[in-house]
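Working notes, beginning with the structure itself.
The values are calculated or read from the model by the stated rules, or taken from the named source; none is laboratory data. Predicted model, so just to flag it, every value in this text is computed and none were measured. Cβ placement follows ideal geometry from the backbone for every residue including glycine, while neighbour counts extend to all protein chains displayed. The area values use the complete protein model at the heavy-atom level, side chains included, leaving out ligands, DNA and RNA. Shrake-Rupley method; radii C 1.70, N 1.55, O 1.52, S 1.80 Å.
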Amino acid sequence: MTTGRAITLIRSDSLSDVAEYAYAATAPAGSRLIFLAGACPLNEDGSTAAIGDYAGQAAKAVENMQTALAAAGASMYDVISTRVLVASSRQEDLVSAWEVVRDAFGEHDVPSTLMGVTVLGYDDQLVEIEAVAAVLDS
């Protein structure tokens, strides 16, 4: 399966430029949407990676997200939006996870929401990344 790029990132001069992501994104009619389950920081054996380490867990979650994207015929450049969940009420923990996710996307700075949550689903889990992607199949 070959894919073409479908995503257009949108910025606005009327909104602050301090955000490290685009404010909106579009995918054209006819694109195939891919809805990923939350990417968790789990090792292949199901154990939680990088226990106690927000950045380490974010890196493992990004790695797992990339694997899921590839299985769906997509890449990071096909992601149209993300939601990053961090089990903490401390802003510095959220930022630690966010910096890893932001850096993984590089120039493809998709719209994203960063949220502190009370707890996540796996033992010792601190980070989870939800994503939606869009591709043009040819």
Taking region 38-86, which residues are part of a strand (DSSP E or B), more than 16 Å from MET115 (Cα to Cα) and polar (S, T, N, Q)?
-> THR48
Among the residues of region 63-78, is any in contact (Cβ under 8 Å) with a residue 12 or more places away in the chain and of a type in the set (Val, Ile, Thr)?
-> no
Report, by residue number, each residue of region 4-49 that is of a type in the set (Val, Ile, Thr) and open to solvent by 50 Å² or more (accessible area, probe 1.4 Å).
-> THR8, ILE10, VAL18, THR26
Would you pick out the residues in region 89-99 that are open to solvent by 20 Å² or more (accessible area, probe 1.4 Å) and more than 10 Å from the chain's Cα centre (by Cα)?
-> SER89, ARG90, GLN91, GLU92, LEU94, VAL95, SER96, GLU99
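To keep it simple, each residue is scored yes or no on (1) within 18 Å of PHE35 (Cα to Cα); (2) touching a Cys at 6+ places or on another chain (Cβ under 8 Å).
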position	(1), (2)
ASN64	yes, yes
ALA68	yes, no
ASP78	yes, no
SER81	yes, no
GLU99	no, no
ALA104	no, no
GLU107	no, no
GLN125	no, yes
Taking region 100-138, which residues are in a strand (DSSP E or B) and open to solvent by 40 Å² or more (accessible area, probe 1.4 Å)?
-> THR113, LEU114, MET115, GLY116, GLU130, LEU136, ASP137
